[in-house]
Amino acid sequence: MIPPGDNPMPLPARHRGVWCRVGILILALGIGLAPAAAFDFDRLLARFRQLGGISENFQDWRRLIDDAHNIATAKGKLRRVNEFFNRRIQFADDREIWGQSDYWATPMETLAKGKGDCEDFTIAKYFTLLAAGIPDRQLRLVYVKATIGGPESTLSQAHMVLAYYPAPDAEPLVLDNLITEIRPASRRPDLSPVFSFNDQGIWQGAGGGSAKSPGGIGRLSRWQDLLRRARLEGFD
């Protein structure tokens, strides 16, 4: 989960229904990913094996990318990638996997372990969809507060999902490890978005007049570190 120190904005008192407006303000991260064609799969495989991963699982992931790339529609790509990770990766806590309270795993680490938490599912789907041809401008990793215990519950927990925006102002589709069905944000009233980001920037606020968040990327140090490690693996 994302610790309080990595949250670049406070949770608004009323924040449901702002999915379509998340993404107005961008802050440069300074660490970007090259186009998917530049991904070095030989280096990725070497890293995967170094982590103890089974080669067949890596090849399944490569076939997933090829299959998704050949699917004509964006929704089809999303569905294929979402189902792959939700079925292939077992949910587990970071303490169980990595022996620490909060670790953002690279896709190779998640695939090699076969386990991950919500951030790891989201990160793996994000990188895979980039490789399948979805532009990064249409994908956002979204930090949310997820209501637990039913619609009348007042309990919530930090959670992360991946959002796909068909257009800048369109309602996004939500990819979640908790629910395999990809649903429009309006059909996920249990999720309250706080902020979103990708390798290009951080988006926050509910309108064009949103104030710039103080601190910038310094408050997303785990994402910055994740991008650095992913580039070293072969996600150039």
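Taking other C-beta atoms within 10 angstrom as a stand-in for reagent exposure, Tyr143, Tyr165 fall in the order Tyr165, Tyr143, fewest first.
Applying 0.36 nm per residue to the separation of Leu155 and Arg95 and subtracting their alpha-carbon distance, the gain on full extension is 19.3 nm. Electrostatic bookkeeping for Ala92 treats Lys and Arg as +1 and Asp and Glu as -1; over the other residues with beta carbon under 10 Å from its beta carbon, the sum is -2. A simple count of charges around Asp66, restricted to other residues whose Cβ falls under 12 Å of its Cβ and scoring Lys, Arg +1 and Asp, Glu -1, yields +2. Backbone N atoms of the stretch 109-152 closer than 20 Å to the 7 Å Cα→Cβ label point of Thr73 belong to residues 129-130, 132-135, 138-139. Placing a pseudo-label 7 Å from each Cα along the Cα-to-Cβ vector at Arg137 and Arg222 gives an inter-label distance of 2.9 nm. Label sites at Ile148 and Asp169, each approximated as a point 7 angstrom past Cα along Cα to Cβ, lie 3.8 nm apart. Straight-line cross-link reach from Lys125 at under 26 Å between alpha-carbon atoms covers these lysines, not counting any fewer than eight positions away in the same chain: Lys75, Lys77, Lys113, Lys115, Lys145.
Using 0.36 nm per residue and subtracting the Cα-Cα separation, the extra length available between Gln59 and Asp102 on full extension is 12.6 nm.
Every read-out reported here was derived from the displayed coordinates using simple, explicitly stated rules and does not represent laboratory data. Note that the coordinates shown come from a computational prediction; the quantities given were computed from them, not determined experimentally. Ideal geometry is used to build each Cβ from the backbone, glycine not excepted, and the neighbour counts take in all protein chains shown.
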